[in-house]
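Taken together, the values in this text are just the output of simple stated rules run on the coordinates, not laboratory data. Since the model is a prediction, treat every value here as computed from it, not as a measurement. Glycine also receives a Cβ, built like all others from the backbone with ideal geometry; neighbour counts cover every protein chain displayed.
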Amino acid sequence: MTLRPFTGLLFASVGMAQQLALTPPMGWNSWNKFAEKVDAKVVKEIADAMVSNGMKNAGYVYVNIDDTWQGKRDAEGVLQPNEKFPDMKGLADYIHSKGLKIGIYSSPGPKTCAGFEGSYQHEEQDAKTWAAWGIDYLKYDWCSAKDVYKDDDMPAVYKKMGDALKATGRPIVFSICQYGRHKVSEWGAASGGNLWRTTGDIEDSWKSVATIGFDKQVGLEQYAGPGHWNDPDMLEVGNGRMDAVEYKTHMSLWAMLAAPLLAGNDLRNMQDEDKEILTNRLVIAVDQDKLGKQGYRVSKDGRTEIWMKPLENGDLAVGLFNRDDRDQLMIAKWSDLGLTGKHQVRDVWHDADRGKIKDLFEAEVSSHGVVMILISKKEERK
């Protein structure tokens, strides 16, 4: 099946979709930890944990159910949840009673990635069903759409669901998931997307985080801003296959990228170390800065990289990232950051002032580690 080419301008959509996600969405998604083993009981317990463990207070709001919740369509074509989710409206009400929001998952194809019912030829009907349940977020995954559409159809296919969501009158964040193909950053916002995946699926490994976070995001910063974000996929913090140094780097880089922060671990029994990483207030503030600028790489020397993110108050967030397998002395030169003279520097992860520093900042950075700083834009005269 072929749809007419969609030729909308990048930011042509200025309706409801652009009033949502004015900062990158924060929350939790079920897939990384639970995959097909998610059910209503787990989702409720995750919501309870988000409230009790400080995640909600830190800004995590969305509780998102990924694939495998779908049942069959009834005689009228209305999609029903399966036995794992016997009362989706009741579940949404429960999530809302905690001051949180609920997300769901579908595909523009006939089937989802896990082989469950997709939204193909039921887009408007499904959007109305989700709105009636009280859904606040939709992840829309390409999957079997490849069997009925061409890549050139992607903008129009996603716009069809984006329009259907807006037509419900309910504010539903629209997450486009087609793995960064077909230059999605150039048309995602015009198709109604509030965020769009820029790569394939993340894994809980240093290689995956480094490849996705550093190599695949360069040059995409021009497409991000309030209401429309590049999405390098979910967080793996706490899933156990990286160490604390690597998880801090993961969290820091996602914050520098103004990326959605969707935890993917089991929030019910987190290690304190993982909770401290996920709830660090200064790192989250960098990610959630209202200016909405995505950070970008300003220098690269071998396997070390320096990234910078402008902030609303004029300050700069700067990350000194060491991708090497050995510790490295790194230097951030003011000239590379557009600065001169002395500037006040604060170490983000240590929440400590480093004083008024002239011309450059240097630090010993652990293997696979980061030193993240805030630099006052105001030049100190003394």
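Once R0 is set to 35 Å, what does the formula 1/(1 + (r/R0)^6) return for the Cβ-Cβ distance between Tyr179 and Lys358, expressed as a FRET efficiency to the nearest 0.05? According to the calculation, E is roughly 0.20.
Taking label points 7 Å from Cα along the Cα-to-Cβ direction, Asp327 and Arg73 give a separation of 6.1 nm.
The order of the peptides 40-47, 169-176 by mean Cβ neighbours within 10 Å, most packed first, is 169-176, 40-47.
With 0.36 nm allotted per residue and the present C-alpha distance subtracted, the Ala35-Asp351 stretch has 110.2 nm of extension available. Using the Cβ of Val218 as centre and a radius below 11 Å, the other residues enclosed give a net charge of 0, where K and R count +1 and D and E count -1. Below 10 angstrom from the Cβ of Cys113, what's the summed charge of the other residues (Lys, Arg +1; Asp, Glu -1)? Net charge around Cys113: -3. For the chain, the cysteines with no partner cysteine C-beta closer than 4.7 Å are Cys177.
Nearest 10 degrees, 0 to 90: what angle lies between the long axis of helix 244-256 and the longest principal axis of the chain (Cα atoms)? Roughly 80 degrees between the two axes. Compute the helix-to-body angle for 40-52: its Cα long axis versus the longest principal axis of the chain, expressed 0 to 90° and rounded to tens. So the helix axis and the longest Cα principal axis differ by about 30 degrees. Can you compute the FRET efficiency between Ser299 and Asp201 using 1/(1 + (r/R0)^6), with r the Cβ-Cβ distance and R0 = 30 Å? Round to the nearest 0.05. Efficiency computed from Cβ-Cβ geometry: 0.50. The mean sequence separation of alpha-carbon pairs under 8 Å and at least six residues apart, normalised by the residue count of the chain, gives a relative contact order of 15 percent. Using the alpha-carbon atoms, what tilt in degrees (0 to 90, nearest 10) does helix 123-133 show relative to the longest principal axis of the chain? Around 80 degrees separate the two axes. Between Tyr223, Ala131, Ala263, the Cα set farthest toward the positive side of the dipole of the chain (charges on each charged residue's Cβ, about the Cα centre) is that of Tyr223. In the set (1) 37, 29, 20; (2) 37, 23, 18; (3) 28, 25, 22, the label that goes with semi-axes √(5λ) of the Cα gyration tensor in Å computed for this structure is (2). Given R0 = 56 Å, the distance between the Cβ atoms of Arg381 and Thr211 translates into a calculated FRET efficiency of 0.80.
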